[in-house]
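None of the figures in this text is laboratory data; all of them are computed from the coordinates on show. Just so it is clear, the model here is predicted, and its values are computed rather than measured. Here the Cβ positions follow ideal geometry from the backbone for every residue, glycine too, while neighbour counts run over all protein chains shown.
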Amino acid sequence: MELRVRDGRAVLAGEDESGEREVDPHSLPLGADLAEALHEWAKVADAVTRTETPQDGVANALVARRGKQLAIRIATVMNSQVSYTDPVSGELVSVDAPDQPAAAPETEAAQPVPDDAPEPTPWGTGLTVSLITAAIVTVTVVSLSLGLGETSSWLALVANVLVVGGLAPSVWLGRRVPVWRWVAYGVVTGVLVAWLALILTLL
């Protein structure tokens with residue numbers, strides 16, 4: 001089974017009597033949450049590949065990492081090997097289903113296996129990173145807008161739209177990644193503060 005992206009949608013390809021077939025994840029017993037997560041990843045991956053910034057290593061790395069995580073989840077649910085084609089690099093990666101833990105001997109009392117406890121949220125460090133990122137983005141957007149605004153207000157508006165559009169895929173991917181989410185929060189805050197400052201300068 002192979003995970004692919006087709007026109008912003010996730011598909012799973014496999015072989016049967018009639019040859020290779022691609023099916024929607026919702027048609028397989030994966031669960032609604034996993035199927036929706038696959039399509040969400042495919043939309044972001046498609047947006048990243050369509051942008052004209054192939055040097056954006058952060059977005060590419062996040063797409064590849066998320067794709068591998070989802071492939072592992074599929075392999076776990078289906079209990080079989082799953083491959084996925086990285087939509088950015090085109091590399092084919094194979095993952096195996098995680099080994100199931102051995103059953104405890106009958107002579108021992110069954111002990112509940114706790115789920116992996118979530119790591120504590122590093123609020124201090126995280127908010128510091130968000131604050132620094134927000135300050136950098138705010139100064140950059142305001143300086144760019146004021147500089148271009150002296151030439152043309154429309155040019156400044158177009159520049160803002162392009163900047164936000166270029167950052168959107170990375171921010172969307174990073175919002176749930178433990179480390180990069182703080183950067184994503186800072187980018188969003190910085191853009192909003194910059195726009196508020198620009199509106200106040202026009203009043």
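Couple of notes before you dig in:
- Judged by the mean number of other Cβ atoms found within 10 Å, the most tightly packed of the peptides 88-95, 42-49 leads the ranking 42-49, 88-95.
- 3J(HN,Hα) couplings calculated from phi for the range 139-155 with the Karplus curve 6.51 cos²θ - 1.76 cosθ + 1.60 (θ = phi - 60°) are, in sequence order, 4, 5, 5, 5, 4, 4, 5, 5, x, 6, x, 5, 8, 7, 5, 5, 5 Hz; Gly and Pro show x.
- Backbone geometry of the range 156-161 corresponds, through the Karplus equation with coefficients 6.51, -1.76 and 1.60 at θ = phi - 60°, to 3J(HN,Hα) couplings of 5, 5, 4, 4, 4, 5 Hz, x marking Gly and Pro.
- In this simple spin-label model, placing a label point 7 Å from the Cα along the Cα-to-Cβ direction at both Trp123 and Gln69 gives a separation of 2.3 nm.
- Once backbone amide H atoms are built at 1.01 Å from N, Ser83 has Glu2, Leu3, Val95 as its partners under 5 Å, excluding neighbours fewer than 5 places away on the same chain.
- Backbone N under 11 Å from the Val77 label point (7 Å along Cα→Cβ), restricted to the range 10-38: 25-38
- Extending 7 Å from Cα along the Cβ direction at Val158 and again at Ala32 yields two label points whose distance is 4.5 nm.
- Cut-off under 5 Å, modelled amide H: who pairs with Arg6 long-range: Val11
- Label sites at Ile199 and Arg50, each approximated as a point 7 angstrom past Cα along Cα to Cβ, lie 2.8 nm apart.
- For the range 43-48, 3J(HN,Hα) computed residue by residue from phi via the Karplus equation (6.51, -1.76, 1.60; θ = phi - 60°) reads 5, 5, 4, 5, 5, 5 Hz, glycine and proline entered as x.
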